[in-house]
Each structure stands twice: as structure tokens, then as C-alpha cells.
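J.: Pasting a structure below so you can have a look.
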Amino acid sequence: MALANDRLGVARALREMGRLLDLSGEDAFKARAYARGARVLESLDDATFERLADEGRLTGLQGIGAGLAARIAELRQTGRSETLEALRAGHPPGAAELARLRLPAARIAALHEALGVETIADLRTAAEAGRVRGVKGFGEKTEARLLDAIRRLEEPTPTRALLSHALGDAEPVLAHLRRAPGVTAVEIAGDLRRGAELVDRLEVVAASGTPAAARAHLLALPGVVSITESRPDLHRAVLESGLPLEVRVTRPDRHAAALLHATGARAHLTRLGGIAEARGLHLAPAGLTRAGRDTPLAARDERELYAHLGLPFIPPELREDTGEIEAALAGHLPDDLVAMEDVQGFVHCHTVYSDGRNTVEEMARAAEARGMRYLTITDHSPTASYANGLTVDRLRAQWDEIDRVQEKVSVRLLRGTESDILADGALDYPGAILERLDVIIASIHQRHRMGPAEMTRRLIRAMAHPCFKIWGHALGRLIPSRPPIEVDVEAVLDAAAASRAAIEINGDPHRLDMAPRWLRAARERGLRFVISTDAHAVDELDNLRYGTIIARRGWVRRDEVLNTLDAAGFARAVAPGAAR
Ligand SMILES: [Zn+2]
Ligand SMILES: [Zn+2]
């Protein structure tokens, strides 16, 4: 029988293999490897999975070895798996599903033989009818325990969504709520408002003069699989994506305090609470009150709440108690964190020349439609053969094409490359070619797992190259599957500062690299940044939004971001080989 050979179908088959291996008493490590592989596939999006699989690059993901990659390839190509078929033949039908209840193989076989049980639903029916207790080796207590375990399995499992997916899920919810009668404000809150890379739920705060009407409207929210709780002030549901949703509805005069509290982080709120107490005030989700009084101080928005505490507005991305309170008290809080509107050029874009899905002209027109002044075409270099990296001849052909497209569009096209940083720290392409480019992003794509000392030497050597101007997706993390490379980050940032290289803030929602704490370490050294899209298709130009969020979490200011400059200024700032 053919299996579904798309991403989730393949993940399901891997999970089944893991469960059957476990039942067969195979070594637990092997069984877990299959489960981990399934989780990795589930965390990717379809396009990334297809791309990596087509290019034979799945083994670049943490948790996918050569063996698993071969099983995945077989499943994708044939819709079958010899391994899975052999495992299934050794067990009664439905054994993998029943193994989710942690039943040993002998018990699954006994249930099948006595009652014909092949699914968890069969088992539930039999247990509810009191027929399981009669099977040899089972009793009333075991039957009750099994029913319990089945109910627990049916509860929603915690999911974590990428920033981009959660923001996508939020849009229809916000739009629906804005149409509710009496609703005066609707905002995203929680970890998502603070720009977390991964979130475990979508939190929304709405203000309404008529909460009952807002609640009725919420009950009609589309795209919901189940409603877990519905009170006038709190509505909980699970969205089709699996992401839990929490909507708080407050009266308009309490909206600011409710939003502040639902945004967090807890440590930030604790500090604000202390500042309030020192001023004879009390800060609670219902509002800011003077000691001994019930009526909260008027605050139309968060800015006015902070003002009551003697503080300027603190942007949500900074609310972590990592120095923002001290900075606000001392009057040093940056009031010019970079915003999406500040960015004038899309940096780091791929085309069909390497592993992108759109042509130079399509990318250019999309950039123009989004109001950008310039676009850097930075396809992969020859060493990245798995990503169809460009030979020198194909690179020259691309220059001709860029010239032809430039005649037709007003957005300025900069010719560039995403050059591999080779294992020894050299850059791809001869120096004479690199010097003819407008922009070079240098990135690690292979040999992620060398020792930290060797990796540090590799990067420091790369940064000494006069054409090293932008460090692409610096630490190589893939969210959630691959951790950052092991390297002495401080030493490498020192080298970047010495060579005046810029740090990329990569907007690909799986990368979002460097992480905010390292952006701050880079800022301390006076380093400059580019916020990039790493777009492999026109719709990924919108990755700029996610990159900007991470930049703000790193306290990055507008003037520190090179692609807030106009095209000429940007080109000057990153020109390969230019004096430093
Ligand atoms: Zn790359
Ligand atoms: Zn790239």
C-alpha cells in the first residue's frame, strides 16, 4: 500500500517505524532516532523540506543522518518503505498506534487476538464496554488505567510555532476581532509581541465596551478546531495550525494595563511593580492604583502607564529585564530602534541561477512593488554545489542578465554573491572576481561541526580577507533543529570589529541569526549590521519583517543598519576591497 509521500506523510511513516522498532525490542537509541527525525520534518515548512530533499541536503539538519535520509528518499520516490513493511509484518495491524499507550508487544497481540483491537478507538470502545478486563492478563484496574491514558492522548499536545507562522496565524484573528461590535483596540501580546523566535501560544488582548458582544463574535471565529474555555473576559481555543489561542477582553479603560501584563516578560513586570511601590502605587492587570484606592489612574495606552511610573515607553522587544529599566531610568533608552520602514534595500536574495525559485527580473519587480530602492542579487558560490552555486562563467552570464533587467526597472540592482567560507577560512571565487562585485556576503554552509578552536581560526582568517564585508547567517542555527556552531563568538566579533565587517541579521524565520544577545555584543564593539531577507522566492522578501524584529530585540538602532542607507551609500559601505 502506498503511503503519503509529502513532508507530513513521511514524518508519520518515520514515527511508525520508531514505534515498531521499540516494540520489537530493538535498541532504544535507534527507535528514538526515528522519532527525532519525524520531529525535524514536522518543524520544517513544505517548501524547505522539498528543497533540501531535492538537493540531497537533509543530512545538514541536526537529527537526520545518512540512514534516515535514505529512508526518506525511498518514501518520497516510491511511497513505500521496505523497512516499514518488514516491521509491520512482525506485528498485528495497528500495533504502532497502540504502542502510543506504552503497551508491550505481548499485550497488543493479546488484545488483537481476543477482541480484534486494531486502533486506539477500538480499544476505547472495548474498555468502555468493560470487555478489556476479561482478556487474559488484564483486569479492571488495567482497563481503567488504559481509559485514562487514552483520554490524556486526546488532549491537545503542546506545539511551538515559528515567529513567522504565529504572526500569520494572528492576522485572521486580529481582523475578525476588529470587526466585533464595540471593540476599540486589538493587539498581539505575550512572547509573540516581544518577538520570540518560537512561541507556544498566540495571546491577544482586546478592548470592548460591550464584552458580551465581543464574546459572541469570538465564538464565531473561523479556523478554530476546538474551544477550550469561553468566559466574558477570557477565551481559549485551539487553531487549525495546532497553536493554542488566548484572547483577553477588557473594558477600554483597562486595556493598557491588561496589554502590559499579557506582554510580559514576567521579570520586566516585577521590576515595574517595584518602581510602582516606591511611588506609592500598585501595578496590576486591572490597572495602576494609588494605595488605598480602587479606581485605576487613567492611562489611554502603555505610554501613559509608563509615564505614571516616571519612565519613557519601553518597546515590547526590550522588555526582558536585561538592562532596559536601568537605561530608561538613566535616560539612555534608544528611541530610534530600527523599524521596517527605515530599510531601503533588500539584501541577500537568491534567484534561479542557484537555489532560488524566481528570476532576476521577477525578484527586481517584486522589490520595486514593495517600494525598495535597491536589491542585492547574491546567489551561491561554486563550492555550494548542492545549491547549484555559480561558476565564474555563470556568474558573468548573470551580470549580463542583471544589466539587461536594470534597463527595465527603476530599483537599483547590485551584483553580488553569497560566497562560502571554506573550511580553511578562504573565500570562494578568485580575488579578481570578488573585487568586481558590488556586495559579498560570506557564509558557512559546510563543515558546521569542527572544533571551536578550529572554527574560531577559520572565521578570523576569513575576516582578514579584504573582501569580507558581511558575515552571513553568522552562527548557522536552524530553528528548531540545529544549534549554533561552536565558536569563540567574542573573539570572532573582535576580529569583525578590527576588519570593520558588518553582521547580517538574517530574516529567514528558521535562522534569525545572530541571536539578540550576540547582536548586543556586536553593538558594544561598534559593529554595523545589515537586515537581510535570504529570500529564495519573491514572497520571502517579506522575511525583512522577522529580521527587523530580531534586530530590535538586539537593541539595534537605525543608524547602525547599513541598508537603511540609500543605494549609493550602501554600496560604498560594503564595497569589496575598499579601504577600511
Ligand atoms: Zn546561506
Ligand atoms: Zn542565502
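J.: Only loop residues by DSSP count here, and only those with at most 13 other Cβ atoms within 10 Å; note down the GluC sites (Glu not before Pro) in region 183-277 that meet that.
T.: Hits after loop and neighbour filter: GLU240.
J.: In nm, to one decimal, how far is the modelled label at LEU174 from the one at VAL225, with both set 7 Å along Cα→Cβ?
T.: 2.5 nm
J.: Once you have the Cα-Cα distance between ASP253 and GLU128, take 0.36 nm times their residue separation minus that, and quote the gain in nm to one decimal.
T.: 39.9 nm is the gain from fully extending ASP253 to GLU128.
J.: If you take the alpha carbon radius of gyration of region 389-529 and divide it by 2.2 N^0.38 Å, what ratio comes out, to two decimals?
T.: 1.10
J.: Expressed in whole Å with the largest first, what are the equivalent ellipsoid semi-axes of region 1-104 derived from the C-alpha gyration tensor as the square root of 5 times each eigenvalue?
T.: Working from the Cα gyration tensor, I get semi-axes of 23, 14, 12 Å.
J.: Oh, and also: Need the full-extension length gain, ALA568 to ALA307, defined as separation in residues times 0.36 nm minus the C-alpha distance. One decimal, nm.
T.: Stretched fully, the ALA568-ALA307 segment lengthens by 89.9 nm.
J.: Give a quick list of trypsin sites (Lys or Arg not before Pro) in region 507-541 that DSSP marks as loop, anything other than H, G, I, E or B, with at most 14 other Cβ atoms within 10 Å.
T.: Values: sites: ARG511, ARG517, ARG520, ARG523, ARG525, ARG528; in loops: ARG511, ARG525, ARG528.
Answer in residue order: ARG525.
J.: First select every other residue whose beta carbon is under 14 angstrom from the beta carbon of PRO211; then total the charges, Lys and Arg +1, Asp and Glu -1.
T.: +3
J.: Roughly how many Å is it from the Cα centre of region 53-130 to that of region 476-521, as a whole number?
T.: Taking the Cα centre of region 476-521 as reference, the centre of region 53-130 is 39 Å away.
J.: For the chain, what is the accessible area per residue in Å², given a 1.4 Å probe and the full set of protein chains?
T.: 44 Å²
J.: For GLN406 and ARG500, calculate 0.36 nm times their separation in residues minus their Cα-Cα distance, and state this gained length in nm to one decimal.
T.: Net length gain for the segment: 30.8 nm.
J.: Compute the signed sum of charges (Lys and Arg +1, Asp and Glu -1) over the other residues within less than 15 Å, Cβ to Cβ, of VAL338.
T.: 0
J.: Hey, if you drop one equal point scatterer on each alpha-carbon of region 24-159 and run the Debye formula without solvent, what base-10 log of I(q)/I(0) do you get at q = 0.11, 0.14 Å⁻¹?
T.: So the normalised log intensities work out to -0.54, -0.79.
J.: Can you give the local net charge around ARG572? Use residues other than it whose beta-carbon is closer than 12 angstrom to its beta-carbon, Lys and Arg +1, Asp and Glu -1.
T.: Details: positive: LYS469; negative: ASP438, ASP566.
Here the count lands on -1.
J.: Next question, about the same structure. Rg over Rh of the chain, using C-alpha atoms and the Kirkwood radius, what does it come to?
T.: Taking Rh as the inverse mean 1/r over Cα pairs, Rg/Rh reads 1.02.
J.: Quantify, in whole percent, the carbon and sulfur part of the accessible surface of the chain (1.4 Å probe; protein heavy atoms only). Don't skip to the end; give the middle numbers.
T.: Working: 12570 of 25470 Å².
Of the solvent-accessible surface of the chain, carbon and sulfur hold 49 percent.
J.: Separate question: log₁₀ I(q)/I(0) of region 161-228 at q = 0.24, 0.27, 0.28 Å⁻¹, via Debye over equal Cα point scatterers, no solvent, to two decimals?
T.: Debye intensities relative to I(0), on a log10 scale: -1.07, -1.21, -1.25.
The values are calculated or read from the model by the stated rules, or taken from the named source; none is laboratory data. On a predicted model such as this, the values are computed, not experimentally measured, just so you know. Ideal geometry is used to build each Cβ from the backbone, glycine not excepted, and the neighbour counts take in all protein chains shown. These area figures cover heavy atoms from the full protein model, side chains too; ligands, DNA and RNA do not enter into them. Shrake-Rupley method; radii C 1.70, N 1.55, O 1.52, S 1.80 Å.
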